[in-house]
Each structure stands twice: as structure tokens, then as C-alpha cells.
Amino acid sequence: MNQPATNSLGNHKVTAAAPSKTKRLANSLPNLPLKTLFAITFGFCGVNMAFSLQSSQMSRIFQTIGANPTNLGLFFILPPLAGLIVQPLVGKYSDRTWNRFGRRMPYLLFSAPVAALVMILLPNAGSFGFGYASMAALVFGAIAILFMDLSSNICMQPFRMIIGDMVNEKQKDKAWSWQQAFSNLGGVLATLLPFILTFFGVANTAKKGVVPLSVRLAFYIGAAILLGISAYTIHTVKEYDPDTYALYHHIDPQATRTPNRSGN
């Protein structure tokens, strides 16, 4: 007769029933507190603020610093190209990452500050004295948009993948729906921020070659929200260690330690 296996997590114990020999369960993950579920899913609000600010303001920023409108497509190809390359790589290597910070959290710990920094630098491409329509300004903007998208994609992957790692089938629909709702919230906030700031008197115009303060402040606010939410998630979410992960997912514990095999 199968006996339940117990494992201590933090200040409480969770119980996972051993899989039946006749019926193998997908996992026996415990129910997560709503606070943890919120921390796992709310991150998409900050991530989608970054993506939405980028998509809604990128053409304005590049036209402001002097880019030819007919060549803007060259800049718009960078974000999807970055996502095409980065997302599979982060998924692959985070499957094999286990350290004191967790499995997915190390990538968020690294990428969130980088994304926030680039979100501050990008709208200032016209404020560093490169000159209107200069090659230096355009190259700086292109590099900034590339790094912003790279770091935002790295930020996004942990929030996606940790649901599969920690959320059971009973709560998974709730987690995905919360994540989508927070993602939409971030997109709406990011799109409205420049208009809201302008409504409250923040300048929406600037001298030639300089991005208006309303757009720059929108990026600063988005950067602060992304960084704050990521810090909250890192602090709140405690990922399972390899043995506990293997127990809940009914896999050989050795599989989580083998470099050339995925932990999923």
C-alpha cells in the first residue's frame, strides 16, 4: 500500500501522495497560498509594461532622435528577433539551474535590474548630446532597444515557467487567468501613462531631438514597477529544492541533477 511522503517547507509541512503503480499522476503539488500565487503571476504586469512601452513609444522615440520614418522597420525587427533567440535559451538553461536562489529566480534576479536600467536609458537617447539624427544617437537607441527586449524576455520566462514548476492542476487555470489579467493591466497602464502624465501637466513636447518628459517619466515609472514587482516575487516565492521538486513531479531525483537532462 502506498504511503504519503512528507516534506517540510518553511514553517509548515506539505504532503504528497506517492504515485499509484496503476495510475501515474502528472504531479502531486500542494495547493499554494493565494499570496504565493499572486507573487508568481503579478510579475507579468511589470513585464508587459516594459513590452507595451516599447511597442507604443518606440517609433516616437526614434523619430524624435532623427530616424528616417521609412527605416523604422529596421528597428522594429530587433524585439521579435531577440525573443526568438532568448526565450528558448532561457527555458533550456533554467531547467538545468539549481542554486541557493532557486531554479528560475536567478534569471529574474539578473534580468530585472538590467531591464530597468535600459528602460531608463532608452528614452534619454536624445539627451546625451549625440546630436539630432546622428549615427551615434541611432546606434545607441538600437542597442538600448535590443538590450531592453533581451532583458525583458529573460524576465518573462521565469514567471511563465514557475507555474509549471509549482502550481498544481487544480490551481493552474486560476494562475494562468491571473497572469493574463495582470499582463493586460500592465499593457493598459503603460499605454495610458504618457497621456495621464500630460493631463497632470507634465510636458509632452521638448526641444528638437529630445524625447518629451512625459514619455521619459512613463519609462521611469515602468522601470520602477518592473523592478519592484520582481523584487517582491524573488522575496516571496521560495522554489522547491531538487528533491522536493522530484517528489512532487514523480520523477527520479537524479534527473534534476544531471546536466544534460531537463528537470521537467
Among Lys35/Lys238; Lys92/Lys174; Lys35/Lys174, the pairs whose Cα-Cα distance exceeds 23 Å are Lys92/Lys174
Phe101 paired with Ile120, simple spin-label distance in nm, labels 7 Å along Cα-to-beta-carbon:
1.9
Taking only the alpha-carbon atoms of segment 40-109, the convex hull volume per residue, in cubic angstrom, is 100
I need the calculated FRET efficiency for the pair Leu72 and Gln180, taking r as the beta carbon distance and R₀ as 35 Å, to the nearest 0.05.
0.75
Treat each spin label as a single point 7 Å out from the Cα along the C-beta direction, and report the Leu84 to Leu146 distance in nm.
1.5
Within the under-13-Å Cβ sphere about Val210, not counting Val210, Lys/Arg +1 and Asp/Glu -1 give a net charge of +4
What's the FRET efficiency of Tyr132 with Thr191 using the Cβ-Cβ distance as r and R₀ = 22 Å, to the nearest 0.05?
0.25
Taking only DSSP H segments of four or more residues, each worth -39500 (n - 2.57), what value at 222 nm results for the chain once the sum is divided by all its residues, to the nearest 500 deg cm²/dmol?
-22000 deg cm²/dmol
Which of Asp241, Asp173 comes first, and how do the rest follow, when ranked by fewest Cβ neighbours within 10 Å?
Asp173, Asp241
Describe numerically, in nm with one decimal, the distance between label points set 7 Å from Cα along Cα→Cβ at Lys170 and at Asn204.
5.0
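Just want the ordering: Met166, Met58, from fewest to most Cβ atoms lying within 10 Å of their own Cβ. Spell out each step's value before the answer.
Working: Met166 24, Met58 20.
So the ranking, lowest neighbour count to highest, is Met58, Met166.
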Once a ≥ b ≥ c are taken as the square roots of the eigenvalues of the Cα gyration tensor of segment 72-123, is the result rounded (a/c under 1.5), prolate (a/b larger than b/c) or oblate (a/b not larger than b/c)?
oblate
Please go through segment 165-264 and write out the trypsin sites (Lys or Arg not before Pro) that DSSP classes as loop and that have at most 10 other C-beta atoms within 10 Å.
Lys207, Lys208
How about segment 90-131: which chymotrypsin sites (Phe, Trp or Tyr not before Pro) there are in a DSSP loop, with at most 13 other Cβ atoms within 10 Å of their Cβ?
Phe128
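Values in this text are rule-based calculations from the coordinates and carry no lab data. Since we're looking at a predicted model, the values are computed, not measured. Virtual Cβ from ideal backbone geometry, glycine too; neighbours counted across all protein chains shown.
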